[in-house]
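Remarks on the structure that follows.
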Amino acid sequence: MDKDIKVREIVRQKFTDYLNAHKCRKTPERYAILDLIYANQKHFDMDTLYEAMNESNFRVSRATLYNTMQLLLKCNLVLKHQFGQNLSFYERAYNNDFHHHLICSHCNKVQEYKDAELKTIIRSKKITRFTPEHYSLYIYGLCSACARELKKTKKNSKVIK
């Protein structure tokens, strides 16, 4: 069986178990949102998800989208990120390898960054009376494109003076 299909089946079952345990309705819209999220491995915001739902010919209200996202966050199937902007980004949580985020403070571009050594250090860290479930590391700076642009702008401003 394809790994991606297996992951989708597992998250559907986890979501169903959560909905049953909390006496929530199991609607086709909720499962369509979950399926769309797990069909993609990129970060997304609510507007992007709303547009993607419409493009897939599965129209849902924004209220349904926001309510479903809250359920997915509570049952740990989605992670929420604030990358220093007024906008929340999300990504799938189940079977998503630990990674870090590089955020350009100029253009707000977000890149995933994997570092096995850093991952090992963080996982091996013992914290008294606390058991970590997951972590996020955000590294802010300039992406190479913005660094080149700023260097070029700085160089041009010196020539003009």
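The values are calculated or read from the model by the stated rules, or taken from the named source; none is laboratory data. For clarity, every value in this text was computed on a predicted model and none was experimentally measured. For neighbour counting, all protein chains shown are included, and Cβ atoms are generated from backbone atoms with ideal geometry for every residue, glycine included.
Can you list residue pairs whose Cβ atoms sit under 6 Å apart, with the first residue in the stretch 39-64 being under 16 Å from HIS81 (Cα atoms) and the second being exposed (fewer than 13 other Cβ atoms within 10 Å of the Cβ)? Count only pairs 6 or more apart in sequence or on different chains.
Going by the 6 Å Cβ cut-off, the qualifying pairs are ASP45/LEU87.
Does ILE33 satisfy the criteria of being within 12 Å of the chain's Cα centre (by Cα) and assigned to a helix (DSSP H, G or I)?
No: the conditions fail for ILE33.
How many of the residues in the stretch 36-66 are buried (at least 16 other Cβ atoms within 10 Å of the Cβ) and part of a helix (DSSP H, G or I)?
Qualifying residue count for the region: 9.
Out of the strands (runs of 3 or more DSSP E) lying entirely within the stretch 70-161, which hold 1 or more residues that are free of Cβ contacts under 8 Å to residues at least 60 places away in the same chain, in contact with a Gly (Cβ under 9 Å, 6 or more places away or on another chain) and not assigned by TED's automatic domain parsing to the domain that holds ASP47?
It comes to 100-104, 138-141.
Looking at the stretch 18-26, can you tell me whether even one residue there is modelled with pLDDT under 90, surrounded by fewer than 16 Cβ atoms within 10 Å (Cβ to Cβ), farther than 22 Å from HIS99 by Cα and more than 15 Å from the chain's Cα centre (by Cα)?
Among the residues of the stretch 18-26, not one is modelled with pLDDT under 90, surrounded by fewer than 16 Cβ atoms within 10 Å (Cβ to Cβ), farther than 22 Å from HIS99 by Cα and more than 15 Å from the chain's Cα centre (by Cα), which makes the answer no.
Any chance the stretch 12-19 includes a residue that's touching a residue at least 24 places away in the same chain (Cβ under 8 Å) and under 27 Å from TYR140 (Cβ atoms)?
Within the stretch 12-19 (the criterion being touching a residue at least 24 places away in the same chain (Cβ under 8 Å) and under 27 Å from TYR140 (Cβ atoms)), the answer is no, since none of the residues qualifies.
In the stretch 89-113, which residues are charged (D, E, K, R), closer than 21 Å to ALA39 by Cα and out of contact with any helix residue (DSSP H, G or I) (no Cβ under 6 Å at 6 or more places or on another chain)?
Once the filter is applied, which keeps residues that are charged (D, E, K, R), closer than 21 Å to ALA39 by Cα and out of contact with any helix residue (DSSP H, G or I) (no Cβ under 6 Å at 6 or more places or on another chain), the stretch 89-113 yields GLU91, ASP97, GLU112.
Quick check on LEU102: is it surrounded by 11 or more Cβ atoms within 10 Å (Cβ to Cβ), touching a strand residue (DSSP E or B) at 6+ places or on another chain (Cβ under 9 Å) and modelled with pLDDT of 85 or more?
Yes: the conditions hold for LEU102.
Within the stretch 125-135, is even one residue in contact with a Cys (Cβ under 9 Å, 6 or more places away or on another chain) and loosely packed, with under 13 Cβ neighbours inside 10 Å?
no
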